[in-house]
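Read through the structure below, which is laid out as structure tokens, and then see the notes.
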Amino acid sequence: MNLDFPAILVAATFITGLIWLADAVLWAPKRRQRAEAEGGEAREPTVVEYAKSFFPVILAVLLLRSFLVEPFRIPSGSMMPTLLVGDFILVNKYAYGIRLPVLNRKVIDIGEPQRGDVVVFRFPKNPSVDYIKRLVGVPGDHIVYRNKTLFINGKKVAQIPEGTYIGKGSGLSMSGASLRREILGKVEHDILVLPRVSGIGADVVVPPGHYFVMGDNRDNSNDSRYWGFVPDRNLVGKAFMIWMNWDSAAGGIAWDRIGDSIN
């Protein structure tokens, strides 16, 4: 079962805030009057104490997670070699505009997704699941992928061979793949391809308000080639940094990846 964490945060903020407000307006004055009449001390109920303690913390987490930065964990190798299994990343939540939590409605337009961005989005087939891929096509682009090569609006996206990939830990199975540097506009990043695997191609035009995404591990990625486009409303944010990596198959923490920027 997938928990709707934003909804839980909103509900918790509302409930604790409502208890605090009700106490300040209704219950606290009555307690003070009763305590003065009895000559005792007005003690807050336990539920009010907890509400006052947790409300500011929950509110801060809600605001931070909804509008600034949200952490995610990489569960699969679809973005290798850029992101590895066990990477913990940070996602900029305001890069593509300010959106209301739960409703996911954009209220302030700040920026637009660009080709080459590594984006987190709600999977169109199941919005309760978050996916991460590289954005390769913006609205109006003619995207063609054939023979392990990407073409955008009739122009071939350059690839520079970088030898053979050697994986480790959970990515060991990708050892032997062809490692290539892809130049997607102003963004240079590494991809993996399996020359002996036919894979799946694409020949589409990206419709308005949608995006075409692919994994950097081109022959091991469930992406737009299989299920279509990502609506703008499904965007969560832009991945920008690895803050931790834990892969038990690789021996635990990969200290050299901590703090790496995501290109």
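Here's the yes/no breakdown for (1) at negative phi; (2) modelled with pLDDT of 95 or more; (3) in the same structural domain as ASP190 (by TED's automatic domain parsing):
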site: ILE15; (1), (2), (3): yes, yes, no
site: VAL25; (1), (2), (3): yes, no, no
site: PRO29; (1), (2), (3): yes, no, no
site: ARG34; (1), (2), (3): yes, no, no
site: ALA37; (1), (2), (3): yes, no, no
site: GLU41; (1), (2), (3): yes, no, no
site: VAL61; (1), (2), (3): yes, no, no
site: MET79; (1), (2), (3): yes, yes, yes
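Yes/no per residue for (1) farther than 21 Å from PHE67 by Cβ; (2) outside the structural domain of PRO208 (by TED's automatic domain parsing); (3) of a type in the set (Lys, Arg); (4) in contact with a Leu (Cβ under 8 Å, 6 or more places away or on another chain):
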position: ARG99; (1), (2), (3), (4): no, no, yes, no
position: LEU103; (1), (2), (3), (4): no, no, no, no
position: GLU112; (1), (2), (3), (4): no, no, no, no
position: VAL119; (1), (2), (3), (4): no, no, no, yes
position: LYS125; (1), (2), (3), (4): yes, no, yes, no
position: VAL129; (1), (2), (3), (4): yes, no, no, no
position: PRO139; (1), (2), (3), (4): yes, no, no, no
position: GLY154; (1), (2), (3), (4): yes, no, no, no
Subject >> Filter result (farther than 15 Å from VAL118 by Cβ, surrounded by fewer than 13 Cβ atoms within 10 Å (Cβ to Cβ) and touching a Phe, Trp or Tyr at 6+ places or on another chain (Cβ under 9 Å)) within the range 228-263 >> reply: GLY252, GLY259
Subject >> Which listed residue is among the aliphatic types (A, V, I, L, M) and at pLDDT 95 or above, from ILE200, ILE166 >> reply: ILE166
Original post:
Can you tell me how many residues in the range 151-190 are in contact with a helix residue (DSSP H, G or I) (Cβ under 8 Å, 6 or more places away or on another chain) and outside any helix (DSSP H, G or I)?
Top reply: 3
**OP:** Look at ARG218 and say whether it is in contact (Cβ under 8 Å) with a residue 60 or more places away in the chain, touching a Lys or Arg at 6+ places or on another chain (Cβ under 9 Å), of a type in the set (D, E, K, R) and closer than 21 Å to SER128 by Cβ.
**Re:** no
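The values are calculated or read from the model by the stated rules, or taken from the named source; none is laboratory data. The structure presented is a predicted model; accordingly, all values stated were derived computationally and were not measured. Virtual Cβ from ideal backbone geometry, glycine too; neighbours counted across all protein chains shown.
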